[in-house]
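Peer 1: I have a structure here, written as structure tokens, and I will follow up with some questions on it.
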Amino acid sequence: MIIVGKSKDEEYYVLSQNVISIADRGKIEPKLIEIAASDRDTLKKRYREARRSGKDAHSKGGGIGFYEVAKRCASVEYEFEDISDDKLYFRFKAILEKES
């Protein structure tokens with residue numbers, strides 16, 4: 001699911017939701033924690049490093065796309081919600097820069 005919306009504060013956002021496995025959470029959550037704590041310059045640097053190394057390639061499900069989105073946004077948010085013993089909802093929200 002993908003939703004494009006506008007908040008009460010006049011911020012545009014893109015929200016996605018997917019069903020993922022518990023194992024996948026363990027793979028992506030460390031990257032998301034790092035991304036949420038990073039400034040824009042750090043995000044750009046980590047993105048370039050990931051591109052050069054090839055270890056976080058899209059085809060491997062490595063999460064380079066999270067860096068790509070985050071470096072273009074004002075902020076990102078994410079959450080996990082349990083569905084069953086082995087599945088959960090993963091929600092990722094990219095909040096876009098306000099127009100000046």
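The values are calculated or read from the model by the stated rules, or taken from the named source; none is laboratory data. Remember, it's a predicted structure, so these values are computed and weren't measured experimentally. Counting neighbours? That spans all protein chains shown, and the Cβs are built from the backbone with ideal geometry, glycine included.
Peer 1: Of the residues Glu34, Glu10, which single one is more than 10 Å from the chain's Cα centre (by Cα) and either in a strand (DSSP E or B) or modelled with pLDDT of 90 or more (or both)?
Peer 2: Details: Glu10 fails: either in a strand (DSSP E or B) or modelled with pLDDT of 90 or more (or both).
Result: Glu34 is the single residue among Glu34, Glu10 that is more than 10 Å from the chain's Cα centre (by Cα) and either in a strand (DSSP E or B) or modelled with pLDDT of 90 or more (or both).
Peer 1: Let me ask something additional. Condition first: in contact with a Lys or Arg (Cβ under 8 Å, 6 or more places away or on another chain), modelled with pLDDT of 95 or more and hydrophobic (A, V, I, L, M, F, W, C). Can you find one or more residues in segment 54-75 that meet it?
Peer 2: The answer is no; no qualifying residue exists.
Peer 1: Shifting gears a bit: Looking only at segment 21-31, which residues are of a type in the set (A, V, I, L, M) and under 14 Å from the mean Cα position of the chain (by Cα)? Reasoning before the result, please.
Peer 2: From segment 21-31, those of a type in the set (A, V, I, L, M) are 22-23, 28; that's our starting set.
Of everything in segment 21-31, just one residue is of a type in the set (A, V, I, L, M) and under 14 Å from the mean Cα position of the chain (by Cα), namely Ile28.
Peer 1: Note down all Cβ pairs under 6 Å where the first residue falls in segment 33-56 and is surrounded by 13 or more Cβ atoms within 10 Å (Cβ to Cβ), the second is of a type in the set (Asp, Glu) and not in a helix (DSSP H, G or I), and they're at least six residues apart or on different chains.
Peer 2: If the second residue must be of a type in the set (Asp, Glu) and not in a helix (DSSP H, G or I), the pairs left are Ala50/Asp56.
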